[in-house]
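Reviewing the structure listed below.
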Amino acid sequence: MRSRVQVLHGVNLDMLGRREGEHYGTLTLMEVELAVKRFAGELGLVEPFFFQTNHEGEYCEALHSAGEMADALIVNPGAWTHYSWAIRDALALAGVPAVEVHLSTVSQREQWRRLSVVRDLCVGTVEGKGVEGYREGLALLKAELER
Ligand code: DQA
């Protein structure tokens, strides 16, 4: 089965490549997206499509329309993960399965990163695997869609 997966990158993820390499690796966002396209091809998923914003309301609006455009979502809301109840509410009405992916190991960094307000709405969470985490996220979604 071929499914449309939207990958929603949140705040500051456009700065990948310039951010702390020990947490986020050295790839730029464009390079991450190329890798995600490759992973999707290997898994036999249709080309994923991408969105990034540094504006919380825009991220919410993308989630509002996500269900019409995608069969499943990968969300990495960046720092919003830890406190944006608005993004949580918007994800709750997306109506399609989502996986939360973080490049870094959020559960073992500062205390404030340990809370994710979207986690329980997601069918899975992948953290600390860098860009490979997106491969795992896609595989989780594929399995979910085939259930
Ligand atoms: C992140 C982790 C967040 O805590 C951080 O604010 C980010 C990126 C990650 O992918 O590891 O911007 O979501």
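General remarks:
- Check on residue 138, assigned to a helix (DSSP H, G or I) and in contact (Cβ under 8 Å) with a residue 12 or more places away in the chain: yes
- Checking each residue in the range 125-134 for being touching a helix residue (DSSP H, G or I) at 6+ places or on another chain (Cβ under 7 Å), of a type outside the set (Asp, Glu) and within 16 Å of residue 22 (Cβ to Cβ) picks out 129, 131.
- Condition check for residue 65 on (1) more than 15 Å from the ligand (Cβ to nearest atom); (2) closer than 24 Å to residue 19 by Cβ; (3) of a type in the set (Ser, Thr, Tyr): one failure, at (2).
- Every pair of residues 6+ apart whose Cβ atoms lie under 7 Å, when the first sits in the range 94-119 and is within 18 Å of residue 64 (Cα to Cα) and in contact (Cβ under 8 Å) with a residue 40 or more places away in the chain while the second is among the charged types (D, E, K, R) and away from the ligand (no atom under 12 Å from the Cβ): 97/144; 118/88
Conditions (1) more than 28 Å from residue 108 (Cβ to Cβ); (2) in contact with a Phe, Trp or Tyr (Cβ under 6 Å, 6 or more places away or on another chain); (3) touching a residue at least 24 places away in the same chain (Cβ under 8 Å), marked per residue:
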| site | (1), (2), (3) |
| --- | --- |
| 22 | no, no, no |
| 36 | no, yes, yes |
| 44 | yes, no, yes |
| 53 | no, yes, yes |
| 64 | yes, no, yes |
| 74 | no, no, yes |
| 77 | no, no, yes |
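- Qualifying residue in the range 94-112 (condition: in contact with a Pro (Cβ under 7 Å, 6 or more places away or on another chain) and of a type outside the set (Gly, Ala, Ser)): no
- Qualifying residue in the range 127-147 (condition: within 13 Å of the chain's Cα centre (by Cα), of a type in the set (Val, Ile, Thr) and more than 12 Å from the ligand (Cβ to nearest atom)): no
- Only one entry of 112, 80, 85 meets the criterion of being of a type outside the set (D, E, K, R) and crowded, with 17+ Cβ neighbours inside 10 Å, and that entry is 80.
- Identity of the residue in the range 1-54, part of a strand (DSSP E or B) and aromatic (Phe, Trp, Tyr), that ends up farthest from the ligand (Cβ to nearest atom): 49
- Set 99, 75: member being within 12 Å of the ligand (Cβ to nearest atom) and of a type in the set (A, V, I, L, M): 75
- Residue within the range 80-100 that is in a strand (DSSP E or B), among the aliphatic types (A, V, I, L, M) and modelled with pLDDT of 95 or more present: yes
- Selection over the range 103-119 of residues that are part of a loop (DSSP other than H, G, I, E, B) and out of contact with any helix residue (DSSP H, G or I) (no Cβ under 9 Å at 6 or more places or on another chain) gives a count of 1.
- Matching option when the condition is surrounded by 18 or more Cβ atoms within 10 Å (Cβ to Cβ) and out of contact with any helix residue (DSSP H, G or I) (no Cβ under 6 Å at 6 or more places or on another chain), among 122, 60: 122
The values are calculated or read from the model by the stated rules, or taken from the named source; none is laboratory data. On a predicted model such as this, the values are computed, not experimentally measured, just so you know. Virtual Cβ from ideal backbone geometry, glycine too; neighbours counted across all protein chains shown.
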